[in-house]
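Okay, so here's the structure we're looking at.
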Amino acid sequence: MPREQLQVLNALDTAKTQLYHFTAIVIAGMGFFTDAYDLFAISLVTKLLGRIYYHREGALKPGTLPPGVNSSVTAVALVGTLAGQLFFGWLGDKMGRKKVYGMTLAVMVICSLASGLSFGRERRSVMAGLCFFRFWLGFGIGGDYPLSATIMSEYANKKTRGAFIAAVFAMQGFGILASGIVALVVSAAFDHAFSAPSYATNALLSTPVQADYVWRIILMFGAIPAAMTYYWRMKMPETARYTALVAKNAKQAASDMARVLQVDIEAEEQKVETITQDKRNSFGLFSKAFLRRHGLHLLGTTSTWFLLDIAFYSQNLFQKDVFTAIGWIPPAATMNAIGEVFRVARAQTLIALCSTVPGYWFTVAFIDIIGRFAIQLMGFFFMTVFMFALAIPYHHWTLHDNRIGFIIIYSLTFFFANFGPNATTFVVPAEIFPARLRSTCHGISAAAGKAGAIVGAYGFLYASQSADPKKTDAGYPPGIGIKNSLIVLGVINFLGMLFTFLVPEPNGKSLEELSGENEQDDDVEQTTSNRTVPV
């Protein structure tokens, strides 16, 4: 049976929702705001980069980034994010959440600014500089995933823990929205100040010299929200769970949380020593004990996040092509370079405003009521349904009179991604693993997600190309087309629904109850087989 919980951890589990909870959400959430801004802003400016640096004299269409360059510019930050999730996730369990938290934010601020700079004005140096700094920007962003989730889960109470972690992640929606709004404002201002004809009217003048500043300003803006929260991150005390259960410092844990919660807490040094010296609480990540207790759980969190991100990132990254196909964005030749940025940003902003942001906050509202399992299963189910609803009658949706219906259904896939697995895959890994491995396991799960994002970003840039060689973008081989790409994404979402059954339901339980860290001898066997489906 469970041993008596440490007083400091029990105080956190039963604490009423108060100011420090919301402070932690804002501090951690602004990191995610920046993460989303930086990762999704690039899709707003790739067409502009093609026009500026890959213009071909006499071409019927504006310049576009060659396939290899486009893939690299789009996905290099995702590669960096994957590496950062693994490295900083591991480091967060070794050095502590707070120490590593400041490092990741500093990397994000510096590299956000640097990504708008370049080593020269020649296209090869510009692309090389952009890819270099966006890799390290992604590296910093990667660290924010396991650390933000772990810190919020270890600060939260049992009753509203899911909502608090989901609220941190929901800031991603505002980051996506902000990237679109900043792009709208910057492009509108430059288009008004430096009016240019369409490409069809005058190919050379359609891309004014000042357009080079547009993409740089949009990318560099991401440094501002991250820099604003650096001081407050450094003022946050280390989480009591790390201090007590990993660093084994009962006095410091009690002192920190007594100050945060404004209550008297006893430093239970003997009890901390008993828990931390228990051999059942000392197994490593690559041990048989971990495999027996949490192997299926880790498989569940990694597989569902991997599958979800293939669908989620490919949708975001080629949505500008979807909008073009259905006529919501006019043909590139009918616009000037800066005007095209405005049109793409407007489309992304509308999708974010109407479906992405509401989806996140629906999860925040309902996750502690109906549970993580139900939300994730429901989200994957409806994503599957709506993907097939778009794909099977795809020609119908491309007709001018039906494009509004297409946008509505396409928006619903984003809504149920966010009121579904895009939020829950972030929440659950921060709850179900032991404190000494929590950040590491969350980092592994998140890295699996970014591996899926890389598959989506690289694979669907090619796959979504038309099967007709005459209709592909310059430099791209024929693909399977948007219709077949949507069918593939529907199948991927269905697989995500199946793998959800490996993920346990953490709703209403303490972190130590979920991880088995607080169990005594006669309960060892019970901790090895947590139920996956709530009863």
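Worth pointing out:
- In this structure, the residue pairs whose Cα-Cα separation is over 30 Å, taken from 47/99; 279/450; 98/450; 271/450; 47/235; 61/450, are 47/99; 279/450; 271/450; 47/235; 61/450.
- Accessible surface of the stretch 230-297, 1.4 Å probe, proportion on carbon and sulfur as whole %: 53 percent
- A simple spin-label model places the labels of residue 99 and residue 159 3.6 nm from each other, with each point 7 Å out along Cα-to-Cβ.
- Based on Cα atoms of the chain, Rg over Rh with Rh as the Kirkwood radius reads 1.01.
- Hydrodynamic radius (Kirkwood) for the stretch 349-456, which is based on Cα pairs only, to one decimal in Å: 15.3 Å
- Surface composition of the stretch 329-486: carbon plus sulfur atoms hold 73% of the accessible area, using a 1.4 angstrom probe and ignoring ligands, DNA and RNA.
- Applying D = kT/(6 pi eta Rh) to the stretch 328-406, where Rh is the Kirkwood radius over alpha-carbon pairs, T corresponds to 10 °C and eta to 1.306 mPa s, the Stokes-Einstein value obtained is 103 µm²/s.
- Exposed loop sites were defined as GluC sites (Glu not before Pro) in DSSP loop states (anything but H, G, I, E or B) carrying at most 14 other C-beta atoms within 10 Å; in the chain the longest segment without such a site runs 267-535.
- Counting 0.36 nm for each residue step from residue 398 to residue 22 and taking away their Cα separation leaves a gain of 130.9 nm.
- Efficiency of FRET between residue 213 and residue 277 - r from beta-carbon atoms, R0 51 angstrom, step 0.05: 0.25
- Dividing the mean sequence gap of close Cα pairs (under 8 Å, 6+ apart) by how many residues the chain holds gives a relative contact order of 24 percent.
- From the C-alpha gyration tensor of the stretch 138-273, square roots of 5λ in Å: 50, 13, 12
- For the chain, the dipole from Cβ point charges (+1 on Lys and Arg, -1 on Asp and Glu) about the Cα centre works out to 1120 debye, to the nearest 20.
- Å² of accessible area per residue within the stretch 88-151, as computed with a 1.4 Å probe and no ligands counted: 36 Å²
- Angle in degrees between helix 337-351 and the longest Cα principal axis of the chain, rounded to the nearest 10: 40 degrees
- Estimated FRET transfer efficiency (residue 263, residue 288; beta-carbon r; R0 41 Å; 0.05): 0.50
- Label point distance in nm, residue 353-residue 195, each placed 7 Å from Cα along Cα→Cβ: 2.6 nm
- Low-density loop cleavage sites - trypsin sites (Lys or Arg not before Pro) in the stretch 105-142, where at most 13 other Cβ are within 10 Å (DSSP): 121
- Sorting the segments 415-425, 360-370 by their residues' average number of neighbouring beta-carbon atoms within 10 angstrom, most packed first, yields 415-425, 360-370.
- Hydrodynamic radius (Kirkwood) for the stretch 53-101, which is based on Cα pairs only, to one decimal in Å: 13.8 Å
- The stretch 48-146: equivalent-ellipsoid semi-axes (sqrt of 5 x gyration tensor eigenvalues, Cα, Å): 34, 13, 8
- Accessible area expressed per residue, the stretch 197-246, with surrounding protein chains retained (probe 1.4 Å, Å²): 44 Å²
- Counted residue by residue at 0.36 nm each, then reduced by the alpha carbon distance between them, the extension gain from residue 224 to residue 205 reaches 3.6 nm.
- Calculated over the stretch 369-527: convex hull of Cα atoms, volume per residue (Å³): 121 Å³
- Along its first, second and third principal axes, ordered by size, the stretch 21-64 spans 59, 13, 8 Å in Cα coordinates.
- Label-zone membership for the stretch 56-98, site residue 251, 7 angstrom Cα→C-beta point, backbone N under 11 Å: none
- For the stretch 406-472, average projected area of the Cα convex hull in nm²: 5.9 nm²
The values are calculated or read from the model by the stated rules, or taken from the named source; none is laboratory data. These figures come from a predicted structure and were not determined experimentally. Methodologically, a virtual Cβ is constructed for each residue, glycine included, from the backbone with ideal geometry; neighbour enumeration extends over all protein chains shown. To get the accessible areas, we keep the full protein, side chains included, count just its heavy atoms, and leave off ligands, DNA and RNA. Shrake-Rupley method; radii C 1.70, N 1.55, O 1.52, S 1.80 Å.
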